[in-house]
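The structure appears right after this line, and notes come after that.
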Amino acid sequence: MMPRVYFDIEAVVAVEDTGMSAPVLRGRMLALLHPLFAAKPHTYALAIPAGRQAFCDKGGGMVRIFASDREDLDALAASLAQLPWMRDYARLHYPVTVSEDYGGAWVAFRRYRIPTLKSDRKTGAEAGQLRQRRILGMQKEKMDYFVVNSRSTGQHFTLAVRRESGTPPQAECLPNSYGLCSAHNLFCVPDLP
């Protein structure tokens, strides 16, 4: 995948109407995108639009999806159109092509892991300290995050996303099943407003 085209998905429900925060609305979008991304590995990259921190005027949330070509985005849009939640509560914006001579900023979106209390190997006074440090780091850096419900475990979890400046990709990008890069597979997408 090379980030050549993209579209934005905007949750169009207001927080006051649903009682859900933007991270929960974005989490619902991500939960619906995740199996579609997993079905077509390394095809779609997720981004959070620059300057908007994925919060919309109506209190919803926004994510941006990059792909190599318009056909991949059309296939994703067709799959999303079949999902009642996406049909009723989200709006897909028209696809946009990234200029071949784009000379602006590039950014990587990487998962920032926050361990659960259950996974902590420390006991006593040290239990939970790593988790607390990671949460404080997330807050200090003002990272965007998604509140997601895992279908496999049935548990809610927070998926924090770290934004890191970088350079244009020199080889194929290999996004994971959430559309993010990893420390071992770092790639950047255009940081467009």
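The values are calculated or read from the model by the stated rules, or taken from the named source; none is laboratory data. What you see is a predicted model; the values in this text were computed from it and never measured. We place every Cβ from the backbone using ideal geometry, glycine too, and count neighbours over all the protein chains shown. Note: accessible area is taken over every heavy atom of the protein model, side chains too, but ligands, DNA and RNA are not part of it. Shrake-Rupley method; radii C 1.70, N 1.55, O 1.52, S 1.80 Å.
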Check: Expressed in nm to one decimal, what extension gain is obtained for the pair Ala171 and Lys140 from 0.36 nm per residue of sequence separation less their Cα-Cα distance?
Finding: 7.9 nm
Checklist line | Degrees between helix 70-81 axis and first principal axis of the chain (Cα, 0 to 90, nearest 10) | finding: 60 degrees
Next item on the list: Compute the accessible area per residue over the range 66-193, keeping the other protein chains in place, probe 1.4 Å, unit Å².
Entry: 65 Å²
Check: How much length is gained on full extension from Ala77 to Ser182, taking 0.36 nm per residue of separation minus their Cα-Cα distance?
Finding: 35.3 nm
Notebook entry, point to check: Between the helical axis of 129-140 and the dominant principal axis of the chain, each derived from Cα atoms, what acute angle in degrees is found, rounded to the nearest 10?
Noted result: 40 degrees
Check: Near the amide H of Tyr112, under 5 Å away, which other amide H atoms are found, from residues 5 or more places off or on another chain, if H is placed in the peptide plane?
Finding: Ala160, Val161, Arg162
Notebook entry, point to check: Cα-based Rg (one decimal) and Dmax (whole number) for the range 25-176, in Å?
Noted result: 17.3, 56
Margin query: Only Cα pairs within less than 10 Å get springs; with that Gaussian network setup on the chain, which residue of Lys142, Lys122, Lys40 has the largest fluctuation?
Written below: Lys122
Next item on the list: Only loop residues by DSSP count here, and only those with at most 10 other Cβ atoms within 10 Å; note down the GluC sites (Glu not before Pro) in the range 121-191 that meet that.
Entry: Glu172
Check: Taking the chain, how many lysine pairs are there with alpha carbons less than 28 Å apart, if each pair must be eight or more places apart or span two chains?
Finding: 6
Item checked: Helical mean residue ellipticity (222 nm; -39500 (n - 2.57) per DSSP H run of 4+; nearest 500) of the chain -> -8000 deg cm²/dmol
